[in-house]
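Take a look at the structure below.
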Amino acid sequence: MLLEQGAGSAEELESLVVGRESGVPLETLLGWAEFRGRRVLVAPGVFVPRRRTGLLAAEALALLRTGDVVVDLCCGSGAVGSALLAEGPATRMYLCDIDPAATACAARNVGTDATVLTGDLFAPLPAALLGRIDVLVANAPYVPTDDIALMPPEARQHEARIALDGGADGLDVQRRILADARQWLSPAGTLLVETSERQAAATARLFRAGGLLPRVVRSPELDATVVAGGPA
């Protein structure tokens, strides 16, 4: 793959090899990551989509109906949102992230098919969406702060800390989402959150505290866990 990317010159190939040897993610060097069979553009410092997040996309796709209002919070490169656009019915989609580098990347991936906004969680969304979101997906950071030191160097050295750090127990951003999610969801809306297997029970408790009825979905094949639920 590096040979193909560096086909222009031996110097370019050498630069790519040196970058990979130093720990730069392969996807960053290539400029794209594979997600659900499609190429998603990525940029330096932006969270690289993980294969496990395919479960979050699949669970959201199963809920989508034509005309739904869909929001992808903590969208990163826009991998989930772009998958929903490519594989699902026509919807009104919004993608949000606090990191301008991430939203610039997401805008490249979704083009004019969705609205991409920069800001903290729900803050940049139009107030007109209150009580109207049908499907709300969030791959919020959920790595406990102390565990970041144990992550591969590709992540801890080359991805934005804000895209990884979920606070002391990894659930700080999820708490903030669940504190406000119900008021943004439509009466039949659903929130879907990626989490880890060991954190799933705690994430489900946050759902209940936020007035949502949770269900936990697990994929051993993807080593992925999603908690989903709507208003009680």
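The values are calculated or read from the model by the stated rules, or taken from the named source; none is laboratory data. Predicted, not measured: the structure shown is a model, and the values here were computed from it. In this analysis, Cβ positions are derived from the backbone assuming ideal geometry, glycine residues included, and neighbour counts consider all displayed protein chains.
Some observations on this one:
- Within segment 28-51, the set of residues being surrounded by 14 or more Cβ atoms within 10 Å (Cβ to Cβ), out of contact with any His (no Cβ under 9 Å at 6 or more places or on another chain) and at pLDDT below 90 comprises L29, L30.
- For segment 58-100, filtered to residues that are charged (D, E, K, R) and touching a residue at least 60 places away in the same chain (Cβ under 8 Å), the residue that is surrounded by the fewest Cβ atoms within 10 Å (Cβ to Cβ) is R65.
- Note on segment 146-173: residues that are touching a strand residue (DSSP E or B) at 6+ places or on another chain (Cβ under 6 Å) and closer than 20 Å to R205 by Cβ amount to 2.
- Elements of type strands (runs of 3 or more DSSP E) in segment 120-227, at least 3 residues being among the β-branched types (V, I, T), touching a helix residue (DSSP H, G or I) at 6+ places or on another chain (Cβ under 6 Å) and at pLDDT 95 or above: 133-138
- Residue within segment 152-162 that is surrounded by 20 or more Cβ atoms within 10 Å (Cβ to Cβ), within 29 Å of A128 (Cα to Cα) and touching a residue at least 24 places away in the same chain (Cβ under 8 Å) present: no
- Selection count, segment 1-46, where residues are in contact with a Leu (Cβ under 7 Å, 6 or more places away or on another chain) and either more than 28 Å from D99 (Cα to Cα) or assigned to a helix (DSSP H, G or I) (or both): 11
- Test: residue in segment 69-85 that is farther than 28 Å from H158 by Cβ and of a type in the set (S, T, N, Q): no
- Total residues in segment 10-51 satisfying the condition of being more than 16 Å from A160 (Cβ to Cβ), within 22 Å of the chain's Cα centre (by Cα) and among the basic types (K, R): the figure is 4.
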